[in-house]
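Structure incoming, see below.
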Amino acid sequence: MKNVKELAKTNVVILCILAVLVVMAVASPNYFSLATLTGLLSQISVYGIVACAMTMAIICGEFDLSVGSILPFSTLLFAGWMPALGVPLTSVLVVLMGLGLGAVNGFFVAVAKINAFIVTLATMVAIEGVMLTYCEGMPIPAINDVAKVIGKGAVGSISYITIIFFVCIAVTHFVLRRTVFGRNLFATGGSYDVAKFAGIPVRFTKFMVFVILGGSAALAGILLACRLQAGSPLYGQDVCMQTVAAAVLGGASLAGGRGSVLRTFWGMVFIGMLAQVFTYLNVYVYFQQLISGAVVVAVVIIDAFNSRRKAELAAGI
């Protein structure tokens, strides 16, 4: 019985996915098709790229609110610069911009030791102000044949964006499980002071986490602009909430030291399936937001309870 309970606890996201599949088997059998699967993968791929980096940040004991502004700002810069500079150069410049903004966050969090919530909230608001000034609150078209191929092209039934997402998952998994940097992430998130005394470059580790997050948000913004053929200040504003929820659903702890990008993938699948189910069942759009918000709150509460329980067991309470 104890083993079953432990198995259920460590595979919550899989059980949630199975529950949704059972509901859809009864409510809408037409849901089960290849088109639904490929549509789901395409739907979660843009945010999934950010989720890979967010998983690394959460493992390290950090998170980044500013990705919710870096992503839409990247769509606007890509759309605005592309006609003059072309897709390749614009993409490089936008990614460099994201890396630079991530470096700013990383400096203030890792070096200046300011709380990540305060730093990334301030960055998010500042970027939002610059972004709205740049576009005057209006979307910018990004119509280009090369961008259209990137955004809507596919190999068979699998879109290029989904392939890029899978590559990001593979690279992140390799980094986390097979590299010194990955081990440093787990050590730093598990216990910052212990990792520091053990000689691990904790400041550099935290700094690089934010740099990677900024770059991934910029890349996601480029791909979203290619897919939608436009940049807008409204795109991707909920990316932080969804990626954090996916990581925690996949077993990552907001306290740090635990997580898996493969499980984060399943968390993204569950969140994407919820959106699909709401569409199939014609759930009112604002009620969808209520349910999605409730899922996030429930995930955070469960994580807080598990972290507290582990701390009590470690203390012998």
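The values are calculated or read from the model by the stated rules, or taken from the named source; none is laboratory data. Keep in mind it's a predicted model, so treat the numbers as computed, not measured. Quick reminder, even Gly has a Cβ in these numbers, built from the backbone with ideal geometry, and neighbours come from all protein chains shown. Ligands, DNA and RNA are excluded from the accessible area calculation, which covers all protein heavy atoms including side chains. Shrake-Rupley method; radii C 1.70, N 1.55, O 1.52, S 1.80 Å.
What's the total number of residues in the stretch 102-125 that are open to solvent by 40 Å² or more (accessible area, probe 1.4 Å) and out of contact with any Leu (no Cβ under 8 Å at 6 or more places or on another chain)?
Here the count works out to 11.
Sticking with this structure for a sec: Taking the stretch 187-215 on its own, how many of its residues are touching a Leu at 6+ places or on another chain (Cβ under 8 Å) and surrounded by fewer than 18 Cβ atoms within 10 Å (Cβ to Cβ)?
Filtering the stretch 187-215 down to residues touching a Leu at 6+ places or on another chain (Cβ under 8 Å) leaves 205, 209, 211, 214-215.
After this cut, where a residue has to be surrounded by fewer than 18 Cβ atoms within 10 Å (Cβ to Cβ) as well, the list is none.
Matching residues across the stretch 187-215 total 0.
Scanning the stretch 152-165 for residues that are surrounded by fewer than 19 Cβ atoms within 10 Å (Cβ to Cβ) and of a type outside the set (S, T, N, Q), which turns out farthest from the chain's Cα centre (by Cα)? I'd like the intermediate steps shown before the answer.
From the stretch 152-165, those surrounded by fewer than 19 Cβ atoms within 10 Å (Cβ to Cβ) are 152-158, 163-164; that's our starting set.
Imposing the further condition that a residue be of a type outside the set (S, T, N, Q) reduces the set to 152-156, 158, 163-164.
Values: Lys152: 21, Gly153: 23, Ala154: 22, Val155: 24, Gly156: 26, Ile158: 20, Ile163: 16, Ile164: 14 Å.
Within the stretch 152-165, the match that is farthest from the chain's Cα centre (by Cα) is Gly156.
Let me ask something else about it. Which one of Cys168, Cys135 is open to solvent by less than 60 Å² (accessible area, probe 1.4 Å), within 20 Å of Val67 (Cα to Cα) and at pLDDT below 95? Spell out the reasoning first.
Working: Cys168 fails: at pLDDT below 95.
Exactly one of Cys168, Cys135 is open to solvent by less than 60 Å² (accessible area, probe 1.4 Å), within 20 Å of Val67 (Cα to Cα) and at pLDDT below 95, namely Cys135.
Open to solvent by less than 50 Å² (accessible area, probe 1.4 Å), in contact (Cβ under 8 Å) with a residue 40 or more places away in the chain, among the β-branched types (Val, Ile, Thr) and farther than 17 Å from Met131 by Cα - does that describe any residue in the stretch 217-228? Can you show your working first?
So the first thing to find is which residues in the stretch 217-228 are open to solvent by less than 50 Å² (accessible area, probe 1.4 Å), and the list is 217-218, 220-226.
Now narrow it down to the ones that are in contact (Cβ under 8 Å) with a residue 40 or more places away in the chain: 217-218, 220-226.
Next cut, among the β-branched types (Val, Ile, Thr) only: 222.
Then drop every residue that is not farther than 17 Å from Met131 by Cα, which leaves none.
Checked against the condition, which is being open to solvent by less than 50 Å² (accessible area, probe 1.4 Å), in contact (Cβ under 8 Å) with a residue 40 or more places away in the chain, among the β-branched types (Val, Ile, Thr) and farther than 17 Å from Met131 by Cα, the stretch 217-228 yields no hits at all.
Continuing with this model, one more query. With the requirement that a residue be in contact with a Leu (Cβ under 7 Å, 6 or more places away or on another chain) and either of a type in the set (S, T, N, Q) or open to solvent by 10 Å² or more (accessible area, probe 1.4 Å) (or both), what does the stretch 67-84 give you?
Answer for the stretch 67-84, where residues must be in contact with a Leu (Cβ under 7 Å, 6 or more places away or on another chain) and either of a type in the set (S, T, N, Q) or open to solvent by 10 Å² or more (accessible area, probe 1.4 Å) (or both): Thr75, Trp81.
Across the stretch 171-185, what is the number of residues that are buried (at least 21 other Cβ atoms within 10 Å of the Cβ) and hydrophobic (A, V, I, L, M, F, W, C)?
Restricting attention to the stretch 171-185, the residues satisfying the condition of being buried (at least 21 other Cβ atoms within 10 Å of the Cβ) are 172, 176, 185.
Restricting the remaining residues to those that are hydrophobic (A, V, I, L, M, F, W, C) gives 176, 185.
Of the residues in the stretch 171-185, 2 are buried (at least 21 other Cβ atoms within 10 Å of the Cβ) and hydrophobic (A, V, I, L, M, F, W, C).
Continuing with this model, one more query. Here are some conditions: (1) modelled with pLDDT under 85; (2) in contact with an Asp or Glu (Cβ under 6 Å, 6 or more places away or on another chain); (3) part of a helix (DSSP H, G or I). Val248 meets all but one. Which one does it not meet?
Result: Val248 passes all but (1).
Hey, another quick one. Within the stretch 241-253, track down each residue that is among the hydrophobic types (A, V, I, L, M, F, W, C) and either open to solvent by less than 70 Å² (accessible area, probe 1.4 Å) or over 21 Å from Val209 (Cα atoms) (or both). Don't jump to the end; show me each part of the working.
In the first step, residues of the stretch 241-253 are kept if they are among the hydrophobic types (A, V, I, L, M, F, W, C); the result is 241, 244-249, 252.
Val244, Ala245, Ala246, Ala247, Val248, Leu249, Ala252, listed by residue number.
While we're here: Restricting attention to the stretch 261-294, which residues are among the hydroxyl-bearing types (Ser, Thr, Tyr), within 16 Å of the chain's Cα centre (by Cα) and open to solvent by 20 Å² or more (accessible area, probe 1.4 Å)? Steps first, answer last, please.
First, the residues of the stretch 261-294 that are among the hydroxyl-bearing types (Ser, Thr, Tyr): 264, 279-280, 284, 286, 292.
Then keep just the ones that are within 16 Å of the chain's Cα centre (by Cα); that gives 264, 292.
Within the stretch 261-294, Ser292 is the sole residue that qualifies.
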